[in-house]
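> Before I ask anything, here is the structure I am working with.
None of the figures in this text is laboratory data; all of them are computed from the coordinates on show. None of the values given here were measured: they were computed from a predicted structure. As a convention, Cβ positions derive from the backbone with ideal geometry for all residues, glycine included, and neighbour counts pool all protein chains shown.
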Amino acid sequence: MNWKWGARSQPQNASRFRCIRTVGIVFGLVSSLSFAVLAVSPKEEQDWRSQDFWCGDFLQSGPLKKWAARQHSKRCNTPTAQKLANVIVKPCDRLLQNMPIVHSIKFGDIEAETYEDMHCNINKRLKISRKGKVYIDELLTSRFPDTWILNDREEQCFFYNIGVDQIRDLDGDREPEILVTYHTKGAHCCAGLLIYHYDLDRDKYHALSHYFGELGYQETKGLKDLDGDRILEFDVPDDSLFWDYKILIAEIWQYRQGRMYDVTRRFPNEVRQTAFTILEHYRSLTDEAKTNWYGRGRLSAYLAYKYMLGEAEDGWQKVRQIYPGADREEVLSNIKEAIKELGYIPGTHTERVDLEPEPTEIKSSRRGLAPNQKQRHLLNAKAGQQLTVKLSDIAFEKGTIEIRLLTPQGRLLGTLDRYQQRRWQGKLPRSGDYVIEVYSPTGAKYSLEFDVLQPQ
């Protein structure tokens with residue numbers, strides 16, 4: 001990794017910051033004079049100061065924030081704002097427009113650059129070039145939902161870190177991928193990854209996103225070739241049970257030809273050892289701990305591993321023997337439902353979406369699928385109602401999913417997927433049970449939202 005402060009020489013970079021520093025110092029002395037020279041009336045000055053956070057803050061904290069506002073917000077483009085910007089900021093504008101690069105990474109004739117942003121990370125750009133030709137020059141946040149970006153602007157900042165991490169051949173095809181990592185604000189959320197891969201036939205780059213959650217692959221040092229086949233694995237635990245039980249489940253993903261595959265089940269020795277360790281830890285707990293949320297979490301993880309190994313019957317037998325509570329059947333039933341929803345129990349499962357008593361917006365719980373598994377959501381609706389189905393939580397998503405919407409007669413109504421078609425909306429032709437069928441060839445995590453409206 002080649003960290004640098006821009007493509008120019010150090011003396012020129014130094015001159016930029018001397019200019020910035022000088023304007024910051026001088027501005028405090030000349031701001032009042034500038035109002036007078038520019039014939040800015042008291043009312044205009046008050047309007048200027050109250051335009052928004054950026055305009056008012058510029059007068060008190062120096063020109064850099066005003067420069068950022070002028071680059072990223074149109075709310076300061078008033079005549080008064082422009083008068084002051086031209087006098088105070090313009091002398092350094094040429095230098096400020098060429099702000100330094102956070103860092104640049106090269107791999108052969110491929111270069112990826114992440115540009116510094118003046119306000120948090122919402123306007124950080126990624127540029128990818130090959131043999132001098134620019135293929136990608138985009139805002140990194142363009143890959144995320146508008147709600148994330150809105151949060152970033154209001155909370156300052158939703159992303160506390162986002163940028164290119166490394167260029168590496170993940171799948172052994174001698175064509176390196178570009179890895180962009182992100183972390184959002186919050187105690188436990190969220191670490192994720194964007195992988196930019198080159199399409200030789202179309203001569204363009206595509207990007208896929210992958211959510212890790214509690215930990216990213218940097219924290220776990222989880223990017224490695226576990227089985228010596230020259231294809232790297234992301235060995236990063238899944239946090240689907242963390243929020244309820246404070247436990248992470250081992251999960252191994254592999255990138256191949258533009259997709260991420262859940263390959264955890266290909267490493268049975270590691271899975272079996274982890275399951276054994278969890279069970280022994282559970283045995284060491286007090287009876288009180290065994291029956292509270294902590295103990296139930298360890299049993300959930302243990303059974304998830306046993307299903308991955310194809311040893312579910314043995315797992316349930318052991319759990320029934322060692323769980324000490326009188327509420328055994330209720331607890332084990334809840335555990336089974338939880339790990340089924342997360343895709344650890346094989347087979348096609350059906351879930352009815354309850355719209356009673358009134359048709360309304362329903363956000364389903366997060367769901368998981370094992371490789372080549374299906375999940376069916378049944379929704380009873382009436383002819384003429386308007387149905388909206390959308391993938392609602394990109395932060396949770398992993399793997400590839402293919403979604404089909406079927407009428408009560410089995411006719412295809414529409415399709416969804418993670419990248420091209422995240423939302424479907426239409427008027428329902430018949431009354432009855434509509435099927436939303438979700439399939440994953442790779443293993444996946446997803447979250448769906450349903451909205452049913454009465455006909456007008």
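> Return the long-range amide H neighbours of Val263 (sequence gap of 5 or more, or a different chain), with a cut-off of under 5 Å between placed amide H atoms.
The answer is Ile252, Trp253, Gln254.
> Order of 383-392, 238-247 by packing, highest average Cβ count within 10 Å first?
238-247, 383-392
> What nm distance separates the two modelled labels at Arg320 and Leu406, each placed 7 Å from Cα along Cα→Cβ?
Placing both labels 7 Å beyond Cα along the Cβ direction yields 3.4 nm.
> I've got another one for you. Can you give me the Cα centroid spacing of the range 248-263 and the range 418-456 in angstrom?
Distance between centres, Cα-based: 25 Å.
> List the residues, sorted by chain then number, that are 5 or more residues from Tyr135 or on another chain and whose placed amide H is less than 5 Å from its amide H.
The list, which skips near neighbours in sequence, is Ile128, Ser129, Arg130.
> Gain in length, Asp109 to Tyr205, computed as 0.36 nm per residue apart minus the alpha-carbon separation, to one decimal in nm?
33.1 nm is the gain from fully extending Asp109 to Tyr205.
> Using label points projected 7 Å from each Cα along Cα→Cβ, tell me how many nm separate Asp354 and Tyr294, to one decimal.
3.3
> Normalised by the number of residues in the range 349-453, what is the relative contact order in percent for Cα pairs under 8 Å and 6+ residues apart?
Relative contact order, the range 349-453: 45 percent.
> Also, I was wondering about something else. Could you pull out the pairs from Lys224/Lys318; Lys221/Lys246; Lys374/Lys427 whose alpha carbons sit more than 31 Å apart here?
Lys224/Lys318
> Also: So how far apart, in nm, are the two label points at His281 and Thr220 if each is 7 Å from Cα heading toward Cβ?
1.4
> Still on this structure, please answer the following. Name the residues whose placed amide hydrogens come within less than 5 Å of the amide hydrogen of Gly343, ignoring near sequence neighbours (fewer than 5 apart) on the same chain.
The answer is Gly368.
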